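Notes for the one structure printed next.
Taken together, the values in this text are just the output of simple stated rules run on the coordinates, not laboratory data. Here the structure is a predicted model, which means the values were calculated and not measured. Heads up, the Cβs are rebuilt from the backbone with ideal geometry, glycines too, and the neighbour counts pull from every protein chain shown.
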Ligand SMILES: Nc1nc2c(ncn2[C@@H]2O[C@H](COP(=O)(O)OP(=O)(O)OP(=O)(O)O)[C@@H](O)[C@H]2O)c(=O)[nH]1
Ligand SMILES: [Mg+2]
C-alpha cells in the first residue's frame, strides 16, 4: 500500500497549485440560477463527477501508470472541446507542476516540464506528481475525483454564502460515488490509452466559453 | 537576498534569484494595503518616474475586475505588453501569500516576453490589514494606507503596518479635511515598526512619489550589488 499521508498532502485543498481561483463551472451555474442551495450544489457536483471527473481521473491514473505523457496530453486535448477549458487545464497543469517540483523533486516531473513549458493538461501532471510522491494510479484517480467536487463546493460557499457545513455534508454524501468513479477510472487506465473514458458535460463546455468572456467575475473559470 | 540555489532544471521554482538561463531575474516588489488607499496611483507614479531609466513591468491582482490593469493601460504608464492581470478567485491575499503560483507564472511570462527586466511591481487587490506577500513571490513589500482611512490605523498595527519593508501613508493632502493627525500617525507607526521606514506622500503634489521612488532605487541598488 502507498503512503496515505502523501495522498493527504497532495489532495489537500491547501496544496498551492492554483485551484483556489477556479470554480469548476460553479460560478456560471450559480449565475444562471441552476445552483441556489445545497441540493443544487449536490446535483452539480454529481454531474461533474460522473462526466469530466471520470475522464480526468482516468487520465491521471494513466499518467501514474507511467503511460506516455505526450500521448495522454493529446488524449486530454481530444476530450476537451472547449478552448477556454483547454487553456484552463494547461494553466492549472503548469501551476501544479511548479508546486509538485518544489514538493517532490523528480526527473520525470522535470522531463514533463521541459516538454510542456506552458503547461501540460492538469490531470497528466497530477498523475505524474502522484508517481513522484510514491503514490499509485488509484491514488491519483481518487485525488482527481475529490478535487472535481471539492473545488465547486468551496466556490459555492463563497458565491452564495452557502452554509459551509451543508457544503461539506454534500461532499460526504458523494463519497460512495467518488469511490466508484475513482475505481472505474483506474480500471480503465489499466487497460491502456485506448480504453480511457471520454465522458463529457456539454453544458459545462458551453458555459465555460461564456464565462471566459464575462468582464466581471470572481473566479477564473 | 541570497536566494541562489543553483537550479539547472527547466523553469525557476519561486524565489530563485537567477533565471533558468543563469541571468539574474528582476527585483520584485509587492504593494498591498486596504481598498482605495492609493496602490494603483503609487504604481502609476513609480512607473512614470522610473520607466526612462529602468526596464519595468507590473502585475495586478484585482478581486473581481481588471480595473487596476485597465487604469494603468488607459493612462499609458507602460506599454500594454508590460502589464499583466492575475485572477484571484475572490481572495486576493490567497494569490499573494498562500498559493502564489498564478503570480509567479505572470512574472515569469513577463520576463520571457519583454525581458530582461530590472523591476516588477506586483499590486495586490485591496484587502484588509492582515494581507502580506509571500517571500516566495516578492523580495520586498510596500504597505500603502491613507490618512482618510482613519489616523488610528498605524496604532492598530497588523502584519502589513508592522512588518512591511516600507509603510506609505498616502493622501496627506486630505489630512486637514478629514481631521487626521499626521504627527500622531508618525509616532504610532514608529512604535509599531521600530527601525523600518515610513513615507508620507501626497500623490496629488508635484513629485509626491519622490520618497517612495528613492526607496525603490535603494532596493534596486542592493539587489544588483
Ligand atoms: N487626494 C488624494 N487622492 C489620492 C491620492 N492617491 C490616490 N488618490 C485617489 O484615491 C483613489 C483610489 O486610488 P487607487 O490608486 O485606485 O487606490 P488602490 O489602493 O489601488 O485601490 P484598490 O486597488 O481598489 O484597492 C483614486 O481616486 C485616486 O485618484 C492622494 O495622494 N491624494
Ligand atoms: Mg488598485
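How compact is region A:38-210 by the rule of thumb for globular proteins, expressed as Cα Rg over 2.2 N^0.38 Å?
Numbers: Rg = 15.5 Å, N = 173, 2.2 N^0.38 = 15.6 Å.
Output field value: 0.99.
Computed from the Kirkwood radius of its Cα pairs, the Stokes-Einstein diffusion coefficient for the protein assembly as shown at 4 °C and 1.567 mPa s stands at 56 µm²/s. Applying 1/(1 + (r/R0)^6) with r as the Cβ-Cβ distance of residue A:111 and residue B:112 and R0 = 25 angstrom yields a FRET efficiency of 0.80.
Taken along the Cα-to-beta-carbon direction at a fixed 7 Å, the label points for residue A:102 and residue A:46 span 3.9 nm. Taking a point 7 angstrom from the Cα of residue A:190 along the C-beta vector, which residues in region A:64-97 have backbone N less than 19 Å away? Residues A:64-68 fall inside that zone. What angle, in degrees between 0 and 90 and rounded to the nearest 10, separates the Cα long axis of helix A:202-212 from the longest principal axis of the Cα atoms of chain A? Helix A:202-212 sits at roughly 80 degrees to that axis. In units of the rule-of-thumb radius 2.2 N^0.38 Å, region A:152-221 shows an alpha carbon radius of gyration of 1.47. Its Cα gyration tensor gives region A:1-101 an equivalent ellipsoid, and the semi-axes of that ellipsoid, as √(5λ) in whole Å with the largest first, are 25, 18, 14. Working note: Debye formula, equal point scatterers on the alpha-carbon atoms of region B:52-136, no solvent; log10 I(q)/I(0) at q = 0.18, 0.23, 0.24 Å⁻¹ is -0.74, -1.14, -1.21. With respect to chain A, whose longest principal axis is taken over its alpha-carbon atoms, helix A:54-64 is tilted by about 20°.
Taking the Kirkwood radius as Rh and the Cα radius of gyration as Rg, region B:149-202 has a ratio of Rg/Rh equal to 0.94.
Peptide A:13-25 is shielded by partner chain Cβ atoms: per residue, an average of 4 of them sit within 10 Å of its Cβ. The length gained on full extension between residue A:4 and residue A:32, counted as 0.36 nm times the residue separation minus their Cα-Cα distance, comes to 6.2 nm.
What separates the Cα centres of region A:103-166 and region B:73-96 is a distance of 26 Å. Can you give me the angle between helix B:210-224 and the longest principal axis of chain B, using Cα atoms only, in degrees from 0 to 90, rounded to the nearest 10? Taking Cα atoms only, the helix is inclined about 30 degrees.
Mean projected area of the convex hull spanned by the Cα atoms of region B:88-225, taken over all viewing directions: 9.5 nm². Each DSSP beta bridge with both residues in the protein assembly as shown is either parallel or antiparallel, and the antiparallel ones are about 5%. In a Debye calculation with equal point scatterers on the alpha-carbon sites of region A:95-141 and no solvent, what is log10 I(q)/I(0) at q = 0.13, 0.23, 0.29 Å⁻¹? Result of the Debye calculation: -0.23, -0.72, -1.11.
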